[in-house]
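Q: Take this structure first; my questions come after.
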Amino acid sequence: MRCSLLAVTALLAFGSLCRNAPEKDVPSLLVITHATIVDTLDGALHTDMTVIIRDDRIASIEKSSPKRWSNATVFDAHGKFLIPGLWDMQVHLSWTTASALPALVANGITNVRDMGGRLEEIDEWRSKISAGLLVGPEIIRVGPMLNGKSFNRYQMVTGPPDETRGVVRTLKFIGVDGLEIERRVERDSYFALINEAKTQGLPVGGHIPITVKPEEASDAGQATIEHIETLFEGTFSAGLKDEELPDAIDRFLSSGAADAMFARFSKNHTAFTPDIAMYGWSINALDPSVPSDPRSRFVALSARNEFKAQHISPEELNTLKRTFPQLVKVVGRMNHDGVIVLAGTDIAGPRIPGFSLHDELSMLVTAGLTPLQALQAATLNPATVLHKTSEFGSIRSGLIANLVMLDANPLENIDNTKRISEVVLKGRLFRRRDLDLLLKKTEELASKS
């Protein structure tokens, strides 16, 4: 049954839950000394630096000295590399359940963009995080996923163009931070949605509807596109058999069509979240010969076996395996052609929260990004795309104190982002033992969710 505007307005009661709740008390002064700061703007390494954090902001940065600090928590970061807190630009927290929240922080993820879930639930978590009752990242959220048909409990049907415009206006009134669009939105409704979203000042992200060309979506003003496979799901693959898709993508890459498309994206400042690691993970999850990922213990029990209920033929699995390396090449070409790449994981159902972002960073480097570019995809680029560089994305005075301390240089090996020793979340220091406790808490919560 198609959701009406009444269904949207029913969310009004939850759209502003406790937005002004007080923050959890943090030490008034946290001083990190002798750190090597990784500059996400140009990749420079600033050695032996002291970062002074007052409340939840970076107050100043200076060269380390023998200066003695009073009434402060002082942390000696000698030998450690300091990076901004990481972003996961595509999560579905209602699907993962609240058990994912501590796992994200334990993996250095201090900010997420939720791309479709139950708004009242997510706002409740945001309020509890703000009040210090939950440990979790800062959450940007879009409310329900907008689609032409509803395929799960987190999707809302947009309807014809006039109703679609009304949905956009209502979601704006509720106070969402943006909109997420799915594949089955009708063509006319899609352009009505984009137009109304511009009027309302709401950025639009998500899939490309199957009746819309990627270039049209970029020209229309879709701010971000998620899932590398969405480029090939609609107009591109019309008339193709599934097994013909890998060769068609190869021709796309070699014909010049890919460069023309990505030049258009770059010109229009259309950012892209490939979610490429999750594509590969899904192939493994669907392959009965591949052992279960041991990190699945951090996934809510109710979702762990979701993929086991899905059965595909050996031929279909083989097609997915042949398609995957072609998609990896597309990500590399996209980056080469100047498209803004964002790091995201599409965590939902049985997909593993937190750890999967580091898998994505590794896969981006495999695709051809430098370690700096991969790091920027999870730090500077999200802040730039969301117009939040005055708060996030780099380590500068005045910015929110979201930081990750690593035991090794991520610019030498992107896998060093996994070597987390400490996390600072809005000025609050989590030492390694605290992060381990967060993972233990995740496992406990997941076993009951």
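Q: Are any of the pairs 172/213; 241/321; 128/448; 426/448 more than 18 Å apart by Cα-Cα distance, and if so, which? Can you show the working numbers first?
A: Numbers: 172/213 26 Å; 241/321 15 Å; 128/448 20 Å; 426/448 29 Å.
Among 172/213; 241/321; 128/448; 426/448, the Cα-Cα distance tops 18 Å for 172/213; 128/448; 426/448.
Q: From Cα pairs below 8 angstrom and at least 6 apart in sequence, can you work out the relative contact order of segment 181-289, rounded to a whole percent? Mind dumping the intermediate values first?
A: Numbers: 108 pairs, mean separation 30.1, N = 109.
Here the relative contact order equals 28 percent.
Q: Considering the dipole of the chain built from charges on the beta carbon (Lys and Arg +1, Asp and Glu -1) around the Cα centre, which of 328, 390, 283 is farthest to its positive end?
A: 390
Q: Can you tell me the FRET efficiency between residue 173 and residue 28 if r is taken as the Cβ-Cβ distance and R0 is 56 Å, rounded to the nearest 0.05? Don't skip to the end; give the middle numbers.
A: Numbers: r = 38 Å, r/R0 = 0.68.
Working from the Cβ atoms, E equals 0.90.
Q: Given the peptides 98-110, 180-192, arrange them by the average over their residues of other C-beta atoms within 10 Å, most packed first.
A: Details: 98-110: 26.8, 180-192: 21.8.
In decreasing order of mean packing, 98-110, 180-192 become 98-110, 180-192.
Q: Can I ask one more? Straight-line reach from residue 67: which aspartates and glutamates fall under 20 Å, measuring Cα to Cα and dropping same-chain residues less than 8 apart?
A: 48, 76
Q: Taking residue 198 as the anchor, which aspartates and glutamates have their alpha carbon closer than 17 Å to its alpha carbon, excluding any fewer than eight residues away along the same chain?
A: Cross-link targets: 162, 163, 177, 180, 188, 216, 219.
Q: Per-residue counts of other Cβ atoms within 10 Å, averaged by peptide: what ranking do you get for 201-212, 64-75, highest first? Working shown, then result.
A: Details: 201-212: 21.5, 64-75: 11.2.
Per-residue Cβ counts within 10 Å, averaged per peptide and sorted highest first, yield 201-212, 64-75.
Q: Tell me, what % of the accessible area of the chain is carbon and sulfur with a 1.4 angstrom probe? Intermediate results must be reported in sequence, preceding the final value.
A: Numbers: 9500 of 18560 Å².
Looking at the chain in its full context, I get 51 percent from C and S.
Q: log₁₀ I(q)/I(0) of segment 358-420 at q = 0.28 Å⁻¹, via Debye over equal Cα point scatterers, no solvent, to two decimals?
A: Per q value, in the given order, log10 I(q)/I(0) is -1.17.
Q: At each listed q (0.15, 0.19 Å⁻¹), what is the log10 of I(q)/I(0) that the Debye formula gives for segment 156-313 modelled as equal alpha-carbon point scatterers?
A: -0.96, -1.19
Q: Based solely on its DSSP helices, what 222 nm [θ] is calculated for the chain when runs of n ≥ 4 H residues each add -39,500 (n - 2.57) and the sum is averaged over all residues, nearest 500 deg cm²/dmol? Mind showing how you got there, number by number?
A: Numbers: 15 runs with 161 residues, N = 449.
Helix contribution divided over all residues of the chain: -11000 deg cm²/dmol.
Q: A follow-up question, please. Assigning unit charges at the beta carbon (Lys, Arg +1; Asp, Glu -1) and nothing else, what dipole magnitude in debye, to the nearest 20, does the chain show about its Cα centre?
A: Details: 49 positive and 55 negative charges, 224 e Å.
It works out to roughly 1080 debye.
Q: How many angstrom separate the Cα center of segment 83-103 from the Cα center of segment 109-134?
A: Distance between centres, Cα-based: 9 Å.
The values are calculated or read from the model by the stated rules, or taken from the named source; none is laboratory data. Fair warning: this is a prediction, and the values are worked out from it, not measured in the lab. With ideal geometry, Cβ positions are generated from the backbone for all residues, glycine too; neighbour counts draw on all protein chains shown. Accessible surface is based on the protein model in full, side chains and every heavy atom, while ligands, DNA and RNA are left aside. Shrake-Rupley method; radii C 1.70, N 1.55, O 1.52, S 1.80 Å.
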